1. For the range 337-352, which residues satisfy the criterion of being outside any helix (DSSP H, G or I), open to solvent by 50 Å² or more (accessible area, probe 1.4 Å) and of a type in the set (Gly, Ala, Ser)?
2. Just to be sure I understand, how many residues within the range 78-129 are modelled with pLDDT of 90 or more and of a type in the set (Gly, Ala, Ser)?
3. Can you name every residue in the range 233-258 that is open to solvent by less than 60 Å² (accessible area, probe 1.4 Å) and out of contact with any helix residue (DSSP H, G or I) (no Cβ under 8 Å at 6 or more places or on another chain)?
4. Here are the criteria: (1) within 27 Å of SER349 (Cα to Cα); (2) in a helix (DSSP H, G or I). Tell me which single one HIS314 does not satisfy.
5. Would you mind telling me which numbered condition in (1) open to solvent by less than 90 Å² (accessible area, probe 1.4 Å); (2) within 55 Å of the chain's Cα centre (by Cα) ASP291 fails?
6. Might you check whether a residue that is surrounded by 18 or more Cβ atoms within 10 Å (Cβ to Cβ), closer than 20 Å to GLU299 by Cα and modelled with pLDDT of 85 or more occurs anywhere in the range 367-379?
7. Which helices (runs of 4 or more DSSP H) does the range 189-296 wholly contain that include 3 or more residues that are free of Cβ contacts under 8 Å to residues at least 40 places away in the same chain and over 30 Å from LEU107 (Cα atoms)?
Amino acid sequence: MPSLKFGHASLTASTRRSLALLLAFASVLTTAAALDVASNWYVAFSLPALVVMAALTTVLAFIHAGREAVQRRASDVALDGADARMAGLIDSAMDAIVTVNEAQDILLYNQAAEKIFGWTPTEVLNRPLTRLIPRRFHAEHAVKVTRFGSTGVTSRRMGDGMVLYGVRKNGQEFPLEASISHLATPQGKLFTVILRDVTERVRASEELSAFATAVHAVRESEKTRIARELHDELAQSLTALKMDAIWVREMLPADADAPRDKLEDMLALLDTTVAATRRIASDLRPLLLDDLGLVPAIEWLANNFTQRSGIVCHLSLDDEVELGEPYATAVFRIVQEALVNVSKHAEASRVELKIEKSATGVALLVEDNGKGFALDAPRKAASLGLMGLRERARLLRGTIDVDTALGKGTRIRVVIPLPELEAAE
């Protein structure tokens with residue numbers, strides 16, 4: 001509160017109140033003394049002075065009281081003006097701002113909130129915050145807010161990177177981002193939530209994901225076609241050519257050493273070419289995945305990984321993990337990229353690979369005993385391993401958790417939801 005100037009001194013509010021009481025008390029005492037003097041003749045000569053003193057004291061008390069009232073009115077006007085400016089700033093904010101008390105009743109609700117939720121301030125003020133939240137999130141939200149209020153943190157982003165959901169007046173749910181802060185007041189804690197409608201951004205992201213998924217599907221289809229042509233056409237043609245070369249070698253005269261040696265070199269080259277063709281075809285798209293299913297394809301991949309890298313791979317596969325497309329291909333590619341990362345960077349001697357069905361999807365675990373790495377270290381320009389894993393999981397609404405540290409190996413867990421299991425839940 002602004003200070004009051006009295007003479008040349010600047011007095012605080014409590015000092016002004018004390019002075020007012022003192023002046024009033026002095027006025028009463030002076031008036032009482034004057035009346036007492038008036039009743040005694042031997043001090044009658046001092047009666048005029050006492051009356052003047054009493055009058056002056058009373059006038060000073062009234063002047064001080066008037067100044068106090070004027071100052072109070074000025075302070076109230078200033079506070080009202082500050083409140084009006086603050087209300088104007090809150091209403092001019094682009095994001096929705098909602099403040100609730102500890103009972104989760106809405107105390108503040110700006111124009112942006114009215115725009116995105118559809119409720120007017122009259123309809124939501126002093127009402128529960130659950131009016132703005134889908135019913136299925138009511139209990140979870142109350143627990144999270146209570147837990148947040150008990151921590152020492154005063155503000156944080158809600159959802160931890162996940163999109164939250166609100167509900168409009170017409171019952172329509174919509175995605176939003178939120179950050180929350182709390183303030184301790186004499187009346188209890190106040191929680192302020194800043195909300196942003198991200199419907200358009202989420203829609204654009206979903207469209208981009210759908211496009212990327214379609215692109216991946218086309219690429220996989222093209223890889224399958226090329227792999228089959230390499231396996232069925234080129235490899236078979238090379239095998240036939242090898243058989244013809246063998247026939248020619250057998251038909252050579254016994255003394256035709258030079259042509260026989262040349263044919264032996266040709267046969268060795270044909271063997272190498274056939275093996276390379278089959279390897280390229282398998283790298284493009286293992287036909288086991290299409291012909292026998294995910295589990296045999298993963299077993300082949302693990303055996304091939306051990307043969308190439310010398311790293312032992314322990315498998316734990318759920319026989320029931322047989323998935324349709326695009327999930328089978330996604331899981332296979334995630335395992336493939338994870339094993340490639342291990343062989344290139346981990347310097348490991350052992351890998352644990354586990355795949356099983358969870359309550360709502362398929363869970364994948366790849367853990368090595370290698371050198372690990374720092375998660376917060378800058379990514380190398382040519383290193384896209386973890387980015388590729390995250391992108392594949394994201395396209396199928398999956399989650400990926402990487403647990404690693406220098407000298408402690410790396411543990412990657414991926415969970416991909418399956419629509420049929422989610423529907424069953």
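The values are calculated or read from the model by the stated rules, or taken from the named source; none is laboratory data. What you see is a predicted model; the values in this text were computed from it and never measured. FYI the Cβ positions are ideal-geometry reconstructions off the backbone, even for glycines, and counts take in every protein chain you see. Each accessible area value is taken on the protein alone, full model and side chains, heavy atoms only, with ligands, DNA and RNA left out. Shrake-Rupley method; radii C 1.70, N 1.55, O 1.52, S 1.80 Å.
1. As a first pass, look at the range 337-352 and keep what is outside any helix (DSSP H, G or I): 347-352.
In the following step, the residues that additionally are open to solvent by 50 Å² or more (accessible area, probe 1.4 Å) were identified as 347, 349-350, 352.
Answer for the range 337-352, where residues must be outside any helix (DSSP H, G or I), open to solvent by 50 Å² or more (accessible area, probe 1.4 Å) and of a type in the set (Gly, Ala, Ser): just SER349.
2. Matching residues across the range 78-129 total 1.
3. ALA240, ALA256
4. (2)
5. For ASP291, the exception is condition (1).
6. Yes, the range 367-379 contains at least one residue that is surrounded by 18 or more Cβ atoms within 10 Å (Cβ to Cβ), closer than 20 Å to GLU299 by Cα and modelled with pLDDT of 85 or more.
7. Numbers: elements: 199-229, 235-251, 257-284, 287-291.
Filter on the range 189-296 gives 199-229, 235-251, 257-284.
Rundown of residues vs (1) under 28 Å from HIS216 (Cα atoms); (2) at pLDDT 85 or above; (3) under 39 Å from the mean Cα position of the chain (by Cα), yes/no style:
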position: ALA256; (1), (2), (3): no, no, no
position: THR273; (1), (2), (3): no, yes, no
position: ALA276; (1), (2), (3): yes, yes, no
position: ALA281; (1), (2), (3): yes, no, no
position: ARG285; (1), (2), (3): yes, no, yes
